[in-house]
Amino acid sequence: MNKKILITIIGLSILNSSCNSESKSDTHVFHDAYIQTKNISGIEKHSIAFNVIAYNNIQSASVTNPGNIKTDLQANGNNKTNFINKYKTYSTEIPPAGIYNFETIIKGEDPKTDSDNLSDTHISTPNILSADIKQINQETLLEVIFQQKKEVSRYRIDLIDKDRNVIFSSEPFRVEYDGSSIKQNITKRIYNPLSGAGLKGWINKDLYITDAIEVKITAMRFEDNALDNLLANIQAMSESNKIIKQIE
C-alpha cells in the first residue's frame with residue numbers, strides 16, 4: 001500500500017562565500033553544468049544545462065565542451081547576474097560526459113575561468129499522480145500528489161497560468177526517503193495568497209489558486225560533495241507537467 005506523507009517546505013541556501021570558483025577578483029562566480037531531462041510527448045529526452053551565477057552583473061559568459069566547441073550563454077530574463085543556455089536541444093541520447101570549461105566576463109574585472117566535470121548521471125522525470133483543486137475545511141486549495149524518488153535531493157513546484165506564466169514557485173524542498181521498496185506518495189497542498197501559508201511563493205497577492213491551469217514539478221540531484229551552494233552544484237535535474245483538474 002502506498003504511503004502518503006505531508007511535507008514541509010524548507011529553505012535552501014543558494015549562494016555562500018565558500019565558493020571554490022577560481023575568480024581573480026572580489027566577485028564570486030558560480031559555474032555549473034548538468035543533465036536536464038524532460039518528458040516531451042510521452043518520451044524522456046535529455047539536454048545539457050549550463051548555469052552561471054555572480055554577485056555582480058555579467059557582461060558575457062560562455063562554455064567550451066570536451067570537443068572544443070564553444071557555446072555563448074544568455075541572461076536569464078532580466079537577471080544580469082545569472083546566465084544560462086536558453087536554447088537547448090533535447091534528445092533521447094544522454095549528453096557526453098567530460099570537462100566543460102567556463103569563461104565569464106564582468107566589467108572592470110579579470111575574466112573568470114572555471115570548469116565542471118559533467119557525469120552521465122540523470123534522473124527520470126517525476127511521476128505526478130494527480131493535481132486537483134479541492135475544497136477542504138471551507139478553503140479552496142490545490143492538492144498535488146507525486147511519487148518520491150530516492151535519488152532526488154530536492155523538489156520544486158511551479159504553477160503556470162493560461163498565458164504560460166509561472167505564478168507560483170515553491171522553495172526547493174527535501175523529502176526524506178524511508179528506504180522502503182514501496183514507492184512513497186508525496187502530498188503537497190498549495191493555498192491561495194494571504195491564506196494558509198500566505199503569500200510565500202506567489203508572484204502577487206491578487207492571484208487565486210484557480211488561475212493556475214498546470215503544475216510543474218522539478219526534481220534535483222546535487223553533486224555528492226556539495227555541502228554549500230547547492231543550486232550551483234546540481235548533478236542532474238528533471239521536470240514533469242500535469243494539467244490541473246478544476247472543481248466541477
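Just so it is clear, none of the values below were taken in a lab; they were calculated from the coordinates. Everything numeric here is computed off the predicted structure, so don't read it as measured data. Reconstructed Cβ throughout: ideal geometry from the backbone, glycine too, with neighbour counts over all protein chains shown.
Here is how the numbers come out for the structure above:
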quantity: Links that overshoot a 18 Å alpha carbon limit, given the list Lys45/Lys162; Lys38/Lys70; Lys150/Lys200; Lys80/Lys112; calculated: Lys45/Lys162; Lys38/Lys70; Lys150/Lys200
quantity: For peptides 236-242, 89-95, sequence by mean Cβ density within 10 Å, most packed first; calculated: 236-242, 89-95
quantity: Full-stretch length increase - Tyr55, Ile203 - with 0.36 nm per residue and alpha-carbon distance subtracted; calculated: 51.0 nm
quantity: Sorted peptide list for 35-43, 142-150, criterion being average Cβ within 10 angstrom, highest first; calculated: 142-150, 35-43
quantity: Size of region 29-118 as Cα extents on the principal axes (Å, biggest first); calculated: 47, 28, 17
quantity: Radius ratio Rg over Rh of region 94-166, counting only Cα atoms, Kirkwood formula for Rh; calculated: 1.18
